[in-house]
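Trainee: Let me give you the structure first, and then I'll get to my questions.
Every number in this text was worked out from the coordinates using simple rules, so none of it is lab data. Model, not experiment: these values are computed from the prediction. Cβ placement follows ideal geometry from the backbone for every residue including glycine, while neighbour counts extend to all protein chains displayed.
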Amino acid sequence: MERLGEKYQSVEGFGWAARDSSGHLSPFVFSRRETGEEEVRVKVLYCGVCHSDLHCLKNEWHSSIYPLVPGHEIVGEVSEIGRKVSKFNIGDKIGVGCIVDSCRTCESCREDQENYCTKAVATYNGVHYDGTVNYGGYSDHIVVDERYAVKIPHTLPLASAAPLLCAGISMYSPMKYFGLAGPGKHIGIVGLGGLGHIGVRFAKAFGSKVTVVSSTAGKSKDALENFGADGFLVSTDEDQMQAAMGTMDGIIDTVSVSHSILPLVGLLKPNGKLILLGATDKPFDLHAFSLILGRKSIAGSAIGGIKETQEMINFAAEHGIKAEIETISMEYVNTAMDRLAKGDVRYRFVIDIANTLPATRP
Amino acid sequence: MAKTPETEHPNKAFGWAARDKTGLLSPFHFSRRDNGENDVTVKILYCGVCHSDLHTIKNDWGFSYYPVVPGHEIVGIATKVGKNVTKFREGDRVGVGVITGSCQSCESCDQDLENYCPQMSFTYNSIGADGTKTYGGYSESIVVDQRFVLLFPEGLPSDSGAPLLCAGITVYSPMKYYGMTEPGKHLGVAGLGGLGHVAVKIGKAFGLKVTVISSSPSKEDEAINRLGADSFLVSSDSQKMKAAVATMDYIIDTVSAVHALFPLLGLLKVNGKLVTLGLPEKPLELPIFPLVLGRKMVGGSDIGGMKETQEMLDFCAKHNITADIELIKMDEINTAMERLAKSDVRYRFVIDVANSLSPPP
């Protein structure tokens, strides 16, 4: 992809960036634009570490533009507002998630599904309409159009709210859209990581029955006692999986490495739905019989629109739902990435930007 | 002494069967049960030739129990009805489709979805309620529980109506279930064979815009001028396929061989649905990005329940929808199967059973 150049803008920014596909992050001075009329400037307080950050840092999707400043689970405080801004005031605590712009005119945008707009602009590694590359939340501040930011209610602790902006909405949206949210529904959640554990909390708050499907037997205690799951299946235990066949109305699969979906389809009741969220590098094997015998379906889902993200945040505040996090310093981020690659985190790293980033400035 | 197909039931029966995975069909003597209290005996007039018949006689799916008498698109006359039978009388024109048994007490059966009953049994190559193997419609007659018999509506021809009993319901059911019935919406039909051509007709009857996606450019004229499709896309024409990206609300994918889903998924709009109906022996590749980036769905569907099958027949009778058929004699079946394997049929073979199936003297 053509590098669009380090265009000098008027406001200095400081964060951590990777310079190449080794993905190694280090201090990086850059610049951001002036606050536009409909934009807000946000002092970043916390930023969640999403597995997508890792994929992108290492150029696994072959579209990374370096230097790359990741971070799309941003919680911060409004420090400046453009003159036409009506949603926010200085001092408001707000969140910025995975997208910071879209075409605003297509059917998806008009239906508050900006996440499906073909011209949606990513918070980091995306290209702003003026041609500059976006730098994400592993930085001291960010500038964003007010339409793409959400208010964080004061009852939500900020650090543990950050992961809701990607992980949270990624689970909330498909549960609502595919009719899995509510009493009488049995949801399977595959993978108990950043997305999975929040999904369990949302599903229980909806009143659904939840079974976690995981390859890590050691996570069952957390799943059942900490997150409130009703059941836990070890995916490599054939007997357990067999016994649970035909029991679930829907399954949300958060696993982003290639894996077999045939056993998951088997867990579905007739008319059941398997929702895939993880962006795997290889296609899945689809056994047509498995869908046909039982009228089952497989769908994808990607985050959610801004309106729905606000709805999700409000729901989380109302039900006391937060992510289970390990707060880290900016300096720790490379170690955190190594641990994330091994699944060694319970269950989301969140960088304490405001308190630890400044000290790393050379 | 072990029972043979000829001796396991009290009544002599005759049909054509495949004995092994060459799939070669030839005359076969077997037997059928007495007409029980809940049963209807059907003298078979016509039987459609479904691609599943071909898959089964060749053991493509690995669960064929030879000898196999295929045939699950059966139209005939009721010659006997048991004393508990209320829906049919002797002389009625009736149909028998893909299934002839289910548990009749589970949640699926209670919802008229016998096709999703875990104990559902097929018209052929299955174990029926009495524990014996089922034999299908490439035969003189069949005995079926009344629940699995359909009344053939007046005005629906027996020969060109027969394929509706599998092909028809197989496309009608998912079109209803997945909401593909909103007039003005755009339906893609992938594959213009037995299922595909009926899907075009039913789609037009629902008021949809219909585009056929096919690998055979020669089918375009018929698709548009005879079947009523609004447009035709040759799947290997990458320019036209590109121009059609994100234009369809739904796709009915009838292609029975392994094929690429990626280009079809690209044709769908955001939130679009593709229903896969073909049963290839190997898995299909399911690419993840098109699903995730557009919240698209791939679903399956398996024929339909008995109530819905009757509804479909009545709908087709009302809208004059029949299959485009090539009528054949029983002894032409092996040639027909060879042609079917090459998709050389416009668009369904139907066996004129009553006039061409003759038991040996």
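Trainee: Considering the alpha-carbon set of chain A alone, what are its Rg and its Dmax in angstrom?
Mentor: Radius of gyration, then largest Cα-Cα span, for chain A: 20.2, 63 Å.
Trainee: If you don't mind, there's one more thing I want to ask. DSSP beta bridges in chain A, what fraction antiparallel, as a percent rounded to 5?
Mentor: Here the share of antiparallel DSSP bridges comes out near 55 percent.
Trainee: Additional query: Charges on Cβ only, +1 for Lys and Arg, -1 for Asp and Glu, centred on the Cα centroid of the protein assembly as shown; of B:Ser102, B:Leu286, B:Thr247, which one is farthest towards the dipole's positive end?
Mentor: So the residue furthest toward the plus end is B:Thr247.
Trainee: My understanding is that a pair violates if its Cα-Cα distance is over 27 Å; which of B:Lys3/B:Lys43; B:Lys3/B:Lys83; A:Lys119/B:Lys201; A:Lys221/A:Lys307 do that in this structure?
Mentor: Details: B:Lys3/B:Lys43 25 Å; B:Lys3/B:Lys83 29 Å; A:Lys119/B:Lys201 37 Å; A:Lys221/A:Lys307 35 Å.
Checking Cα-Cα distances, B:Lys3/B:Lys83; A:Lys119/B:Lys201; A:Lys221/A:Lys307 exceed 27 Å.
Trainee: Per Stokes-Einstein, at 10 °C and 1.306 mPa s, what whole-number D in µm² s⁻¹ belongs to chain B, with the Kirkwood radius over Cα pairs as the hydrodynamic radius?
Mentor: Numbers: Rh = 20.8 Å.
Rounded to a whole number, D works out at 76 µm²/s.
Trainee: Under 14 Å from the Cβ of B:Cys166, count the other residues' Cβ atoms, weight Lys and Arg +1, Asp and Glu -1, and hand me the total.
Mentor: Numbers: positive: B:Arg348; negative: B:Asp53, B:Glu73, B:Asp302, B:Glu308.
Net charge around B:Cys166: -3.
Trainee: Which value, in debye to the nearest 20, describes the size of the charge dipole of the protein assembly as shown about its Cα centre when Lys and Arg Cβ atoms bear +1, Asp and Glu Cβ atoms bear -1, and nothing else is charged?
Mentor: 380 debye
Trainee: When N is the residue count of the stretch B:184-263, what does its C-alpha Rg come to as a fraction of 2.2 N^0.38 Å?
Mentor: It is 0.98.
Trainee: Taking square-rooted eigenvalues a ≥ b ≥ c of the alpha carbon gyration tensor, is the stretch B:29-140 rounded, prolate or oblate, where a/c under 1.5 means rounded and, failing that, a/b exceeding b/c means prolate?
Mentor: Oblate, since a/c reaches 1.5 and b/c is not below a/b.
Trainee: Taking amide H positions as placed 1.01 Å from N in the peptide plane, with prolines and chain starts having none, which residues 5 or more places from B:Ile328, or on another chain, fall under 5 Å of its amide H?
Mentor: B:Val350, B:Ile351, B:Asp352
Trainee: Separate question: Compute the Rg/Rh shape ratio of the stretch B:156-224: radius of gyration over Kirkwood radius, all on alpha-carbon atoms.
Mentor: Working: Rg = 12.0 Å, Rh = 12.4 Å.
Ratio of gyration radius to Kirkwood radius: 0.97.
Trainee: Hey, got the dipole for the stretch B:50-183? About the Cα centre, +1 on K and R Cβ, -1 on D and E Cβ, debye to the nearest 20?
Mentor: 240 debye
Trainee: So what is the relative contact order of chain A, in percent, for Cα pairs below 8 Å that sit 6 or more residues apart?
Mentor: Contact order relative to length: 18 percent.
Trainee: For the stretch A:221-296, max minus min Cα coordinate along each principal axis, in Å, sorted largest first?
Mentor: On the principal axes, the stretch A:221-296 reaches 37, 28, 20 Å in Cα extent.
Trainee: Further question: Which listed residue (B:Ser31, B:Val49, B:Thr4) has the Cα farthest towards the positive end of the charge dipole for the stretch B:1-51, taking +1 on Lys and Arg C-beta and -1 on Asp and Glu C-beta about the Cα centre?
Mentor: Most positive-ward Cα: B:Val49.
Trainee: Right, something else. When DSSP beta bridges are limited to those with both residues in chain B, what percentage is antiparallel, rounded to the nearest 5?
Mentor: Counting DSSP beta bridges with both partners in chain B, the antiparallel share is about 55 percent.
Trainee: For B:Ile224, what charge total do you get from the other residues with a beta carbon under 15 Å from its beta carbon, if Lys and Arg give +1 and Asp and Glu give -1?
Mentor: Charge balance in the 15 Å sphere: +2.
Trainee: What residues have an amide H closer than 5 Å to that of B:Thr100, excluding those fewer than 5 places away on the same chain, when H is modeled at 1.01 Å from N in the peptide plane?
Mentor: Those qualifying (amide H under 5 Å, at least 5 residues apart or on another chain) are B:Ser121, B:Phe122, B:Thr123.
Trainee: Something else: Which cross-chain or sequence-distant (5 or more) residues have an amide H under 5 Å from the amide H of B:Ala190, H modelled 1.01 Å from N in plane?
Mentor: Here the answer is B:Ile213, B:Ile252, B:Asp253, B:Thr254, since their amide H atoms fall under 5 Å of that of B:Ala190.
Trainee: Rounded to the nearest angstrom and ordered from largest down, what semi-axes does the equivalent ellipsoid of the stretch A:103-147 get from its C-alpha gyration tensor (root of 5λ)?
Mentor: Taking √(5λ) for each eigenvalue gives 22, 11, 9 Å, largest first.
Trainee: Given axes a ≥ b ≥ c from the Cα gyration tensor, I'd like to know whether the stretch A:235-362 is rounded (a/c under 1.5), prolate (a/b larger than b/c) or oblate.
Mentor: prolate
Trainee: Treating only the Cβ of Lys, Arg, Asp and Glu as charged (+1, +1, -1, -1), what charge dipole size does the stretch B:132-263 show about its Cα centre? Round to the nearest 20 debye.
Mentor: Taking the Cα centre of the stretch B:132-263 as origin, the dipole is about 260 debye.
Trainee: Here is a further query. In the protein assembly as shown, if every C-alpha pair distance is counted and binned at 20 Å from zero, what percent goes to each bin?
Mentor: Reading upward from the zero bin: 17, 42, 27, 12, 2, 0.
Trainee: Among the GluC sites (Glu not before Pro) in the stretch B:54-111, which ones are in a DSSP loop with at most 13 other Cβ atoms within 10 Å of the Cβ? Mind listing them? Intermediate results must be reported in sequence, preceding the final value.
Mentor: Details: sites: B:Glu73, B:Glu90, B:Glu107; in loops: B:Glu73, B:Glu90.
Here the sparse-neighbourhood loop sites are B:Glu90.
Trainee: What is the mean projected area of the alpha carbon convex hull for the stretch B:307-361, to one decimal in square nanometres? Intermediate values should be presented prior to the final figure.
Mentor: Working: hull surface 22.1 nm².
Mean orientational projected area (the stretch B:307-361, Cα hull): 5.5 nm².
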